[in-house]
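Following: one structure in structure tokens, then a few remarks.
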Amino acid sequence: MKNKKTVILGVTTLLLAIFLGASLWYKNQQNESFTKEVSKKQSMLERDYSPTLGPDDAKVTLVEFLDPECESCRAFYPFVKELMAKYPNDIRLVVRYAPFHGNSKFAIKILEAARKQNKYWEALGVLFYFQPQWGDHHNPQPELIWNYLPQAGIDVEQIKKDMDDPKFVEIIEQDVSDVKDLGVRATPSFFVNGKPLTEFGFNQLQALIESEL
């Protein structure tokens with residue numbers, strides 16, 4: 001009886017090991033396939049209109065597909081700022097939009113209008129800081145954004161006029177098209193010198209960046 005239990009336990013352990021090994025192999029295959037597909041579409045990672053921060057000759061170009069209403073994007077925001085402060089001459093950040101949430105496009109138009117006042121990064125910081133209020137998934141109130149923008153020295157009335165620029169719709173549509181073609185399915189999604197971050201996490205992003213420096 002004891003030997004039978006030992007055999008069953010051994011077989012179960014073996015099957016579990018095989019399953020885990022197969023899962024890891026499949027995941028690696030998927031990551032490798034995604035990386036190869038992205039390598040064929042490098043021109044889609046950055047557009048000439050994309051907001052950028054950092055020196056043009058930086059060793060690392062960090063492309064982030066984000067959604068201003070995304071909680072994970074908000075969580076990553078201070079970490080990305082920390083990395084750029086750590087390597088001020090070596091990282092250039094490129095922002096692309098992946099508007100997966102209901103009020104994302106509204107917020108993106110505000111960001112783009114803020115660029116006309118040279119307040120893009122200030123506006124992004126404000127949107128992320130107050131996101132739990134205006135972007136609450138159970139009770140979103142995007143109109144609250146108007147109350148927060150003055151804290152960044154932004155002319156709200158001018159934003160309201162500028163955000164209807166049809167050029168912003170074109171920007172959003174192009175980014176959405178690139179999101180689909182690149183296979184971006186979640187935010188934030190990062191690409192470091194054209195290489196996708198296939199293992200999601202703060203440490204993984206830092207490791208990928210430092211491997212390129």
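The values are calculated or read from the model by the stated rules, or taken from the named source; none is laboratory data. None of the values given here were measured: they were computed from a predicted structure. Here Cβ is always computed from backbone atoms with ideal geometry, including for glycine, and neighbour counts include all displayed protein chains.
Being outside any helix (DSSP H, G or I) and touching a Phe, Trp or Tyr at 6+ places or on another chain (Cβ under 7 Å) holds for only one residue in Val184, Val179, and it is Val184.
Residue under question is Gly135, and the condition is that it be in the same structural domain as Asp48 (by TED's automatic domain parsing), touching a His at 6+ places or on another chain (Cβ under 8 Å) and in contact (Cβ under 8 Å) with a residue 40 or more places away in the chain; does it hold? It is true that Gly135 is in the same structural domain as Asp48 (by TED's automatic domain parsing), touching a His at 6+ places or on another chain (Cβ under 8 Å) and in contact (Cβ under 8 Å) with a residue 40 or more places away in the chain. When the stretch 30-62 is filtered for residues that are in contact with an Asp or Glu (Cβ under 6 Å, 6 or more places away or on another chain) and modelled with pLDDT of 95 or more, the ones remaining, listed by number, are Ala58, Lys59, Val60. Name the residue that is farthest from the chain's Cα centre (by Cα), counting only residues in the stretch 119-156 that are under 23 Å from Phe100 (Cβ atoms) and acidic (Asp, Glu). Per the stated criteria, the residue is Glu143.
Filtering the stretch 52-71 to residues that are over 20 Å from Gln131 (Cβ atoms) and among the acidic types (Asp, Glu) leaves Asp56, Asp57.
Check the stretch 75-96 and report whether any residue there is among the charged types (D, E, K, R), part of a strand (DSSP E or B) and out of contact with any His (no Cβ under 6 Å at 6 or more places or on another chain). Yes.
Could we say that Glu210 is more than 14 Å from Val63 (Cα to Cα) and surrounded by 14 or more Cβ atoms within 10 Å (Cβ to Cβ) here?
Values: more than 14 Å from Val63 (Cα to Cα): yes; surrounded by 14 or more Cβ atoms within 10 Å (Cβ to Cβ): yes.
Considered against the rule, which asks whether it is more than 14 Å from Val63 (Cα to Cα) and surrounded by 14 or more Cβ atoms within 10 Å (Cβ to Cβ), Glu210 comes out as yes.
What do you reckon, is Phe190 under 16 Å from Asn103 (Cβ atoms) and of a type in the set (Phe, Trp, Tyr)? Against the criterion (under 16 Å from Asn103 (Cβ atoms) and of a type in the set (Phe, Trp, Tyr)), Phe190 does not qualify. No other residue among Leu66, Leu127, Leu83, Leu93 is touching a strand residue (DSSP E or B) at 6+ places or on another chain (Cβ under 6 Å), buried (at least 18 other Cβ atoms within 10 Å of the Cβ) and in the same structural domain as Leu205 (by TED's automatic domain parsing) apart from Leu93.
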